[in-house]
1. Given the structure, is His510 open to solvent by less than 70 Å² (accessible area, probe 1.4 Å), in contact with an Asp or Glu (Cβ under 9 Å, 6 or more places away or on another chain), under 25 Å from Lys246 (Cα atoms) and assigned to a strand (DSSP E or B)?
2. In this structure, does Val562 turn out to be open to solvent by 50 Å² or more (accessible area, probe 1.4 Å) and hydrophobic (A, V, I, L, M, F, W, C)?
3. Select from region 895-917 the residues that are outside any loop (DSSP other than H, G, I, E, B) and of a type in the set (A, V, I, L, M, F, W, C) and list them in ascending order.
4. Can you tell me which residue within region 24-37, out of those that are in a loop (DSSP other than H, G, I, E, B) and in contact with a strand residue (DSSP E or B) (Cβ under 7 Å, 6 or more places away or on another chain), is modelled with the highest pLDDT?
5. Quick one: Thr456 ticks every box in (1) buried (at least 17 other Cβ atoms within 10 Å of the Cβ); (2) assigned to a strand (DSSP E or B) except a single one, so which number is it?
6. What about Val990, is it open to solvent by less than 50 Å² (accessible area, probe 1.4 Å), assigned by the TED database to the domain that holds Asn1022 and among the hydrophobic types (A, V, I, L, M, F, W, C)?
7. Given the options Val789, Val737, Val756, name the one that is touching a residue at least 40 places away in the same chain (Cβ under 8 Å), crowded, with 19+ Cβ neighbours inside 10 Å and over 30 Å from Ser860 (Cβ atoms).
8. In region 173-215, how many are in contact with a Ser or Thr (Cβ under 7 Å, 6 or more places away or on another chain), within 30 Å of Thr493 (Cα to Cα) and either in a loop (DSSP other than H, G, I, E, B) or in the same structural domain as Glu445 (by the TED database) (or both)?
Amino acid sequence: MPEPGKKPVSAFSKKPRSAEVAAGSPAVFEAETERAGVKVRWQRGGHDISASDKFALAAEGTRHTLTVRDVGPADQGSYAVIAGSSKVKFDLKVIEAEKAAPEPGPAPAPAPVEAPGAPTEALPSATEVEGGSPSPEGSSSAAPNGPGAPDDPIGLFVMRPQDGEVTVGGSITFSARVAGASLLKPPTVKWFKGKWVDLSSKAGQHLQLHDSYDRASKVYLFELHITDAQANLAGGYRCEVSTKDKFDSCNFNLTVHEAIGPADLDLRSAFRRTSLAGGSRRVSDSHEDTGTLDFSSLLKKSSSFRSPRDAKLEAPAEEDVWEILRQAPPSEYERIAFQHGVTDLRGMLKRLKGMKRDEKKSTAFQKKLQPAYQVSKGHKIRLTVELADPDAEVKWLKNGQEIQMSGRYIFESNGAKRTLTISQCSLADDAAYQCVVGGEKCSTELFVKEPPVLITRPLEDQLVMVGQRVEFECEVSEEGAQVKWLKDGVELTREETFKYRFKKDGRRHHLIINEATLEDAGHYALRTSGGQALAELIVQEKKLEVYQSIADLTVGAKDQAVFKCEVSDENVRGVWLKNGKELVPDSRIKVSHIGRVHKLTIDDVTPADEADYSFVPEGFACNLSAKLHFMEVKIDFVPRQAPPKIHLDCPGRKPDTIVVVAGNKLRLDVPISGDPAPTVIWQKAITQGAKVPAGPAPDAPGDAGASDEWVFEKKLLCDTEGRVRVETTKDRSIFTVEGAEKEDEGVYTVTVKNPVGEDQVNLTVKVIDVPDAPAAPTISNVGEDSCTVQWEPPAYDGGQPVLGYILERKKKKSYRWMRLNFDLLRELSHEARRMIEGVVYEMRVYAVNAVGMSRPSPASQPFMPVGPPSEPTHLAVEDVSDTTVSLKWRPPEREGAGGLDGYSVEYCQEGCSEWVPALQGLTERTSMLVKDLPTGARMLFRVRAHNVAGPGSPATTKEPVTVQEILQRPRLQLPRHLRQTIQRRVGEPVNLLIPFQGKPRPQVTWTKEGQPLQGQEVNIRNSPTDTILFIRAAQRAHSGTYQVTLRIESMEDKAMLVLQVVDKPSPPQDIQVLETWGFNVALEWKPPQDDGNTELCGYTVQKADEKTMEWFTVLEHYRRTQCVVSDLIIGNSYYFRVFSQNMVGPSDKAATTKKPVLIPRSAITYEPPKYKALDFSEAPSFTRPLVNRSVIAGYNATLCCAVRGSPKPKISWFKNGLDLGKDARFRMFSKQGVLTLEIRKPCPFDGGIYACRATNLQGEAQCECRVEVRVPQ
């Protein structure tokens, strides 16, 4: 439904619906348009349907009907109806008819079944291709996939244009569909006839090109529509589609049948070639397909079948190629010949050479469109042409279709100029435009430039296991921007949808890999028009890490045995085995799995439970094993008053070690006996004390070979509650530590006493933990994509040896750390690779022991992988002397992300291997003069570029350079502006630079008028390549002819320079007044004594009245020394003065007349002229009469008229014959003959006939008008 408040855009008031029809029955589809007379087209599979035995088309007013007779499986597919710009799609589904034969008679129309959504256009099957005779009205192109045209998954075509047949005068449409899901820009499609005739240049009334884009299916549709087909249009055609990096083409044929009688039909069918077997066709440049005529047999009778019109239409095929070759430069000949299939290029060029190149002058256009225009997205562009005929009609076309005026397309006409204005340009406006005037057209192409799309949040590196989901996310600056995803520099397309999925969410773009494999590892990039973001994906094989393995247990009868292990994956399941057989849980044996912890609990342990227990994770080749030892409590029969005894399996006199993981529960269960019940004392040794020989235990036999032991101060443990507690019963004593800590580690002594005696056992408890975090790693040997990471062992290893280390890295601005190794690193250094040059990284390290993994170390100092630069380019020797060599080079092609630090230059003699640096340190320049070289030696030179990563590979001279001056004849290179007379004004500086050549360094000599230069005012500065003559402030004496001589031994070269220093001239001499007459004065003077060393350009003559003495210029740039000053005032006295002037300016002083010159008066008698008196009197007349008015009540109204008359007439106003002169509600004005009557707030009674009367002595005049007063509703 259209949005509320907007006009519906559909041209249909009733749309056809999808239907299911039984095979053999007719299918009827109806559509109604909004208004009558609308042209409606029916399509199937993108091709127009014309009336035939299969299809019936009917139109009655606004109702249009399509009937498909005798529906079969081949008729099933997608259909569409088109009216104007509206297109409605519907489907026809054919179901099998019932086994019973249908009764004769017309079958009822099937009830339409509405599709659940917009039906997608299914490609017609191969059974739709009909090989019968052509339809009378002209048939559209066949189905896209015929038996001879299998689908090509590599090409760009979704549907290729097929062969077609049409009758003379009929119409036909060829369609091509191109998949646009993987294309960033619309593809370019060209239609050709034969080998090289481009049909876009032939587009017009009978041949039209159309294109459209279906956003739902993301398919481009390109159509070639031929109307009023003629016999000369028959032949082979080609459709070419191209994108930025792909190209595809397809050939098809058009057969045109003439509308002739049966006899002629038999004659032509006799010469028709038979079809190939199976209805297949050959696709080649010759296009000799089925259904074409054997023209070799008809050659003699061609005159009866070919008309003059046919010959005219066939001629341009060859002329177009000549026109292309004539207009193209010679460098493009081979490309044009290859593109158009020209084999005899040499013969064509010979013929082309003899042809005259004549430019065709346009008769319709005075100024055509430019070849191309460019505009930024969102801006406005104007396309302007200038016509020869200002009244000619103009049509604007876009991609061959006429443009209609709208809010974005504005047509302007200004005289002979015609302008098309496109506002708010979008990518849809990037197209070819044409301006058509009559039968002539001019074309241009508009390129719409998008603003660069920038990366606002880059991609982040990821490390995953095989089978896990990967999602890269990147944010760009513009919503809905076109981006490209690349893997290792290769673009990822939507054709690989089974593996990659692309998602857009506003400005965020996602690349999703559902199940990662090892092949998916690599560098992924998101590229926009303004940059790209890089990230690395590391895929590791799935490994299971064991954080805590199961340990051997020793328990007594009726006790509880708990085996516990912890693995890295909380989703891993496993099986518990007893002596290799699966353990079945019951009421006494329980198996639990909580997170990453797997636990086996055995209650009421019996001797039968003593065995080897194993945990096997599912899907991993690992096995965690432990042994359960059953401890038999040996209680010997003792008589009453038996001494106490501690019953342990291995109660050695040396301390036994019990290992517990930090954070776990420690429980020491010690069976005891004695009568009476003994007292149990638990003590822990304190670390302070002295080393003394340790004596044997009280009840233990002496050991002569026993070594000395540490003796500590002991702390009594007697708490029955809390974290560390002791619980004693009649037959056992239990020591428990909840959440073992490092402080709980030590030697514990258990002493049992009763009146009969005592027994003592020492137990050593060791608490193990994860290691401490290592110190921050250090980075060294940073390369282009690698670096060396070094670190120190942790200060505390957790009581267990460190098994290895785990290394992680991240980008500086990221928060995601990525693991670099799954196998533990045994060494204290590692070479990290696969980094991106120019990206700042940080590193950290974990230490791992048997207990687990430590906390991460602090991050390393940020570093940037930078590779050394490449070798400098274009190393060349610029100059050589007896002791120096001048080198120059260009920067390397690859400088590295950090830029260059400079260059180092080295040299060595030929045959030696020792390179000597030419300078200490680096130079930033790309040229250098190597000095102090031995004369005559043969030297090799090399240059290296340096950056943060170090020096790059050297660029070395190809051949040794001989250090010896090369004799070169002296030659002055006098600039063109110095070959003429050099003019300078007095006081200006003179700086004359003359380059020269010559080796060894020539001797430069300057002379003036043949004499050596003298004085300190003229300075000479010489360099190895030029000489300079410098004068700080030029004087008149510096003028003259200078000569510079360049000499090398007996060879020399000379040049002459003429310097002219000019100044202002002196004033003229001896000014005199020769004569005075009337209003004129004649003056004369002599030229100045000094002309300023240059030619005078004239004189300036001024005059001044004696009364005011204000000077006024009379003549400027006057060349003569005599002049006449005119237009003087009689009776006044004047002074005159003259300035001389040259190119510098006027003289500082002027030659002035000494006495004033009087202009005398002459006696003249004035007689005034006599004129005849004229009578200007005139009767009144109205030049503009009153006009009928309709005014609104309550609002002031005015009546105006204009009158003329002499003498001035008297004005009177009347209403319905009554004089209004005394009525205060009316105001009367008269100004320059314009008369105004103002009616103040009129009411309905003020309506009537108003009259204005003008009266004077010559007569009177009157005008009237009707005034109507309306009351507002």
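The values are calculated or read from the model by the stated rules, or taken from the named source; none is laboratory data. Computed from a predicted structure; not experimentally measured. All Cβ positions, even for glycine, are placed from backbone atoms using ideal geometry, and neighbour counts span all protein chains on display. Protein only, heavy atoms only, side chains kept; ligands, DNA and RNA dropped before computing areas. Shrake-Rupley method; radii C 1.70, N 1.55, O 1.52, S 1.80 Å.
1. no
2. yes
3. Hits for region 895-917 are Leu900, Val905, Cys908, Val916.
4. That would be Pro26.
5. Status for Thr456: all satisfied but (1).
6. yes
7. From the options Val789, Val737, Val756, the qualifying one is Val737.
8. Counting residues in region 173-215 that are in contact with a Ser or Thr (Cβ under 7 Å, 6 or more places away or on another chain), within 30 Å of Thr493 (Cα to Cα) and either in a loop (DSSP other than H, G, I, E, B) or in the same structural domain as Glu445 (by the TED database) (or both) gives 3.
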